[in-house]
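Read through the structure below, which is laid out as structure tokens, and then see the notes.
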Amino acid sequence: MIKMLTSEIFSVAKQILDKVLTWGRIDELLYREFKTYNKNDNVRDVAYKVVLLDKLYNCNLKMDVQKVAEVLVHANIDDRLEKEDPVDIVEDISKLYVQGGKRLGLVFTSKYCHFHQPHKFPIYDSFAKYALSKLLGEKLVGYREFKSGIDRLISESGLSITYKQMDEYLWLYGQWLCFKEGKEKKLANEIKNVIKSHRELFMKLSPI
């Protein structure tokens, strides 16, 4: 049974991110720069976006930025971002090899696509996936099931929720779940400290 989300839950998530973590400005910067450099046909511009995203959104790429940019430019993704199915795009790009047999992966790819087209691409990461699986009561595999699950959750909530709002909530709720379950090793020290200092806010993230 899908657990119901309320508008208050999303308000609390926004409060935590903006007033406690003050990360809202990072999103503003990324949306602005991805809009300014919205094309992916220039290696230098793409490399700039890759660096911003990797450093500010902790993608943990551990790859040569120049080579990542070259792969993305060579893939000719601009028309695809506009016209094709979001799931197909993310899954295809995530499988591109960069170096040493490494692939771009779903986490980086979903974030890179999201900041180009926020209304089409929900952000995939381990905490969001874990939270979503708990809310839906089912195991999720791959980006297709992840996006489908988010779409169902948004529909069931009856609220006008964007992918970005859902991402913020799921990411925070996933951190809170791990903290409650004694899986603190998975959390960054900053997040652990914030949870300990603002436990009452994080408790309000739990659905009905």
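Once you charge only the Cβ atoms, +1 for Lys and Arg and -1 for Asp and Glu, what is the size of the charge dipole of the chain about its Cα centre, to the nearest 20 debye?
Values: 34 positive and 29 negative charges, 151 e Å.
In total the dipole reaches around 720 debye.
Could you please state, rounded to a whole Å, how far the C-alpha centre of the stretch 3-17 is from the C-alpha centre of the stretch 131-208?
The stretch 3-17 and the stretch 131-208 have Cα centres separated by 10 Å.
Quick check on the chain: helices-only [θ] at 222 nm, where DSSP H runs of length 4 and up contribute -39,500 (n - 2.57) each and the sum goes over total residues. Nearest 500, please.
Details: 12 runs with 130 residues, N = 208.
The helix-only estimate for the chain comes to -19000 deg cm²/dmol at 222 nm.
Can you tell me the relative contact order of the chain? Whole percent, Cα pairs under 8 Å, sequence separation 6 or more.
Dividing the mean separation by the residue count of the chain yields 26 percent.
What is the distance in Å between the Cα centres of the stretch 45-62 and the stretch 21-39?
Here the answer is 12 Å between Cα centres.
Let me know the volume per residue of the alpha-carbon convex hull for the stretch 99-176, in Å³.
Given the Cα convex hull of the stretch 99-176, per-residue volume reads 95 Å³.
How would you classify the stretch 27-114 from its alpha-carbon gyration tensor, with a ≥ b ≥ c the square roots of the eigenvalues: rounded for a/c under 1.5, else prolate if a/b is greater than b/c, otherwise oblate?
rounded
Say the cut-off is 23 Å between C-alpha atoms; which of Lys139/Lys186; Lys95/Lys185; Lys95/Lys180 go over it?
Listed pairs above 23 Å: Lys95/Lys185; Lys95/Lys180.
Given a 10 angstrom Cα cut-off, can you work out which residue in Gln117, Gln175, Gln15 is the most mobile in a GNM of the chain?
Gln15
Return the ratio Rg/(2.2 N^0.38 Å) for the chain, where Rg is computed over Cα atoms only.
1.02
Work out, in µm²/s and without decimals, the Stokes-Einstein translational diffusion coefficient of the stretch 163-208 at 4 °C, 1.567 mPa s, Rh from Kirkwood over C-alpha pairs.
120 µm²/s
So how far apart, in nm, are the two label points at Glu200 and Lys55 if each is 7 Å from Cα heading toward Cβ?
According to this spin-label approximation, the distance is 3.8 nm.
What's the magnitude of the charge dipole for the stretch 67-157 around its Cα centre, counting Lys and Arg as +1 and Asp and Glu as -1 at the beta-carbon? Answer in Debye, nearest 20.
Result for the stretch 67-157 is approximately 400 debye, rounded to the nearest 20.
Bear in mind these aren't lab numbers, they're just calculated from the coordinates by the rules spelled out. Values in this document were obtained by computation on a predicted structure and should not be read as measured data. All Cβ positions, glycine included, derive from the backbone under ideal geometry; neighbour counts span all protein chains shown.
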